[in-house]
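The structure under discussion appears below in the form of structure tokens.
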Amino acid sequence: MNTEEIMRLDKEYIMQTYGRQPIAIKKGSGAVVWDEEGKSYIDCLAGIAVNNVGHAHPKVAEAICNQAKILIHTSNLYYTQEQVELAKLLVEVSPHDLAFFCNSGAEAVEGSIKLARKYTGKGEIIAMENSFHGRTLTALSATGQKKYQKGFGPLAQGFKHVPYGDINAVADNVSKNTAAVLVEPIQGEGGVIMPPSGYLKNLKKLCQENNILLIFDEVQTGFGRTGKMFASQTFKVTPDITALAKGIAGGFPMGSILATREIGSAFQPGDHAATFGGNPLACAAAKASIQVILEEDLLSKSRENGDYFKTKLNFLKDDHGIVEEVRGSGLMLGMELDVNCAEMVNEMRNLGILINCTADKVLRFVPPLLIEKNQIDIVTCNLDDVLQNY
Ligand SMILES: *Cc1c(COP(=O)(O)O)cnc(C)c1O
């Protein structure tokens, strides 16, 4: 099928929930993808911060193939070796003790909220304005952006939203019914917004003083994205519960909730479940993907390439007045402009580079962690040309 035919069939058979770009991706390798017409692109979006180990990594592909030949699914009514091995690995690389497996970021956030409510016996969650936690109704209710909620009410109860970065606003909203504070360590969809210095540490302190749980939504920041395995390690603040998904399994759909032993033990048999959660195929993909991150030292690569990329973007800031700020950590980078950046995404795509525009004015760069410096050069060189025209 050519691209036109695929686009026609999409319109005819698929609910039109996505504002798709007019290319159809056929295959990928490392930090490069090819479309149906054979044109190649350097992928600085990585399936929205998912393909951290790059496209079609041979070790992940092999793990998926091998597992698919043995056992794809068996339900959580039985044990599997794959699931316990993955849980052990996640506990080893994280500040947590226990894991629960689900299938997406929204599900991981919702499960984290259920766990916090079950453990504390309280209902209220303090979440952040400009946050993003997913599209299912409770994750949407936790999300602090009206544009995603419009038309879908009534929303779930129990959420208070406060400005991100304002510790006093959190303190002012704590009540005897507060179960947890839910926060993205770096706001992703909201425009790659960094936490003000000391903010996350102060949040932790505030939570401890008031017997409130701290939940990190690391769905986007996890698995090497910010330069360490988790942003909690980058910022040296340990949450009580962590929600994970996106980069967990090299592109295979999966989510996870991690918690301390004490909190995780609040979930008793029958309290929470997911039919597909942690099935052997997903666990094999995740295990292979995390092992690749460790074996290929992608955490160092994320920091080195991230610093290199950021420096290059800052050069562009010096040369182009429309660039307001460059920010981020590791390979989670944003370039805020003083104009809408949607059209630049199209221009970059025509030049063979996939990026994305979030929060209207922020170009977001979340490439595979193994992107090469010469690929970063190509990206920033082309971006220089594109910015020239504004
Ligand atoms: C993408 C994202 C989600 C939602 O994940 P889905 O897998 O799309 O449900 C939740 N939180 C954050 C921070 C995200 O970036």
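Considering I193, I215, the condition of being within 13 Å of the ligand (Cβ to nearest atom), open to solvent by 20 Å² or more (accessible area, probe 1.4 Å), within 30 Å of A171 (Cβ to Cβ) and not assigned by TED's automatic domain parsing to the domain that holds V50 is satisfied by I193 alone. Looking across the range 227-244, the residues that are under 26 Å from P58 (Cβ atoms) and either among the basic types (K, R) or in contact with a Pro (Cβ under 8 Å, 6 or more places away or on another chain) (or both) come down to K228, F230. Put simply, of V109, V53 the only residue that is within 16 Å of the chain's Cα centre (by Cα) and within 16 Å of the ligand (Cβ to nearest atom) is V109. Among the residues of the range 62-104, those identified as within 27 Å of A231 (Cα to Cα), out of contact with any Leu (no Cβ under 9 Å at 6 or more places or on another chain) and surrounded by fewer than 17 Cβ atoms within 10 Å (Cβ to Cβ) are V84, E85, K88, E92.
Across the range 36-48, the qualifying residues are those that are open to solvent by 10 Å² or more (accessible area, probe 1.4 Å) and more than 22 Å from G188 (Cα to Cα), and the one among them that is nearest to the chain's Cα centre (by Cα) is S40.
When each of N177, N202 is tested for being open to solvent by 60 Å² or more (accessible area, probe 1.4 Å), more than 13 Å from the ligand (Cβ to nearest atom), touching a Lys or Arg at 6+ places or on another chain (Cβ under 9 Å) and over 20 Å from A243 (Cβ atoms), the lone residue that passes is N177. In the set K310, K301, only one residue is free of Cβ contacts under 8 Å to residues at least 24 places away in the same chain and not assigned by TED's automatic domain parsing to the domain that holds S104; that residue is K310.
For first residues located in the range 215-228 and closer than 13 Å to N305 by Cα and acidic (D, E), partners that are near the ligand (Cβ under 7 Å from one of its atoms) and open to solvent by 10 Å² or more (accessible area, probe 1.4 Å) and lie 6+ apart or on another chain with Cβ distances below 9 Å do not occur.
Applying the condition of being in contact with a Phe, Trp or Tyr (Cβ under 6 Å, 6 or more places away or on another chain) and open to solvent by less than 10 Å² (accessible area, probe 1.4 Å) to the range 116-139 and asking which residue is farthest from the ligand (Cβ to nearest atom) yields I125.
The values are calculated or read from the model by the stated rules, or taken from the named source; none is laboratory data. Given the structure is predicted, the values throughout are model-derived calculations rather than measurements. Cβ atoms come from the backbone with ideal geometry, glycine included; neighbour counts cover every protein chain shown. Calculation scope for accessible area: heavy atoms of the full protein, side chains included, ligands and nucleic acids excluded. Shrake-Rupley method; radii C 1.70, N 1.55, O 1.52, S 1.80 Å.
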